[in-house]
Amino acid sequence: MMDAAGEELADRVRALVTLGGDVEEKRMFGTRAFLVDGHILVGVRPAGVLLVRVHEETGAALIARPGVSTAVMGPRTMGTGWLDVAPEATADDEALAFWLDVAREDAAQRD
């Protein structure tokens, strides 16, 4: 079940991503996922944490940023291709847009 902070972040992501076209929203693994062409772009997790999918090399560079950590899903710590971005690192729309752009660029490279 998503909490208020998660719902608020999902609303902000939805507004910036502009659903329709190539973006689909789905509930997966306790996360509200936003998918492009069937691949997860970002996910919104409880407590307003943004899950960002990136290339491992990109993630390795971004992990040093404040509020960024390797995602943990259940008992598994994921590789640097899955990042948890804390609410303070997506506090304003400019900061959130940065992460959405990073995820979009990496998704485009995967195609």
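Looking at the stretch 74-90, can you tell me whether even one residue there is hydroxyl-bearing (Ser, Thr, Tyr) and touching a Leu at 6+ places or on another chain (Cβ under 6 Å)? Scanning the stretch 74-90 turns up at least one residue that is hydroxyl-bearing (Ser, Thr, Tyr) and touching a Leu at 6+ places or on another chain (Cβ under 6 Å). Only one entry in Thr18, Thr80, Thr70, Thr31 is more than 14 Å from the chain's Cα centre (by Cα) and not acidic (Asp, Glu), namely Thr18.
Looking only at the stretch 90-111, how many residues end up being more than 15 Å from Gly59 (Cα to Cα) and among the aliphatic types (A, V, I, L, M)?
So in the stretch 90-111, the residues more than 15 Å from Gly59 (Cα to Cα) come out as 90-97, 108, 111.
Next, only the ones that are among the aliphatic types (A, V, I, L, M) stay: 91, 95-97, 108.
Residues that pass the stated criteria total 5.
Hey, any hits in the stretch 77-86 for a residue that's surrounded by fewer than 18 Cβ atoms within 10 Å (Cβ to Cβ) and modelled with pLDDT of 95 or more? Among the residues of the stretch 77-86, at least one is surrounded by fewer than 18 Cβ atoms within 10 Å (Cβ to Cβ) and modelled with pLDDT of 95 or more, which makes the answer yes.
Listed residues Ala64, Ala60, Ala33, Ala71; which is exposed (fewer than 14 other Cβ atoms within 10 Å of the Cβ) and within 20 Å of Glu105 (Cβ to Cβ)? None of the others qualify; the one that does is Ala64.
Restricting attention to the stretch 80-89, the residues being in contact with a helix residue (DSSP H, G or I) (Cβ under 6 Å, 6 or more places away or on another chain) and under 16 Å from Glu57 (Cα atoms) number 3.
The values are calculated or read from the model by the stated rules, or taken from the named source; none is laboratory data. Since the model is a prediction, treat every value here as computed from it, not as a measurement. Cβ coordinates were reconstructed from backbone atoms using ideal geometry, including for glycine residues, and neighbour counts include every protein chain displayed.
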